[in-house]
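Notes follow the structure.
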Amino acid sequence: MSDLGISGTQVQPQPPPPVAEPFRITTNAPQMIDANLTEGRRKLQKWLGRVLRIVITDGRVLVGFFNCTDRDANIVLSMCAEYLVEGQEPRLLGNVMVAKKHIVSLNIDEPRPSSII
């Protein structure tokens, strides 16, 4: 029988991939740096891509990335999840448009600051 030896280089284990930053939506739209922007428009521009938590009139809570708004104050969230009861598993919805008339409250959903020991 012939020799079944394998020749070649030894395979080195691959290092683990670097830890990625948390997901954040970016935009290729030009950033309007205009001194004439109102305070409200500047605040909305800072909120783009941030996670918003919206409570609507029927008690549901929607959490997703702030994508856009319009002159009627309707809000579009992307990668949105719907919570019927606090602490329960969410239902994933994708892109959602929330009409102004249904918004009870709106918060930027930021992680809690870690406690210093």
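Worth a mention:
- Tensor-based shape of the stretch 48-92 (alpha-carbon gyration tensor, a/c under 1.5 rounded, otherwise prolate or oblate): oblate
- Accessible surface of the stretch 39-84, 1.4 Å probe, proportion on carbon and sulfur as whole %: 52 percent
The values are calculated or read from the model by the stated rules, or taken from the named source; none is laboratory data. For clarity, every value in this text was computed on a predicted model and none was experimentally measured. These area figures cover heavy atoms from the full protein model, side chains too; ligands, DNA and RNA do not enter into them. Shrake-Rupley method; radii C 1.70, N 1.55, O 1.52, S 1.80 Å.
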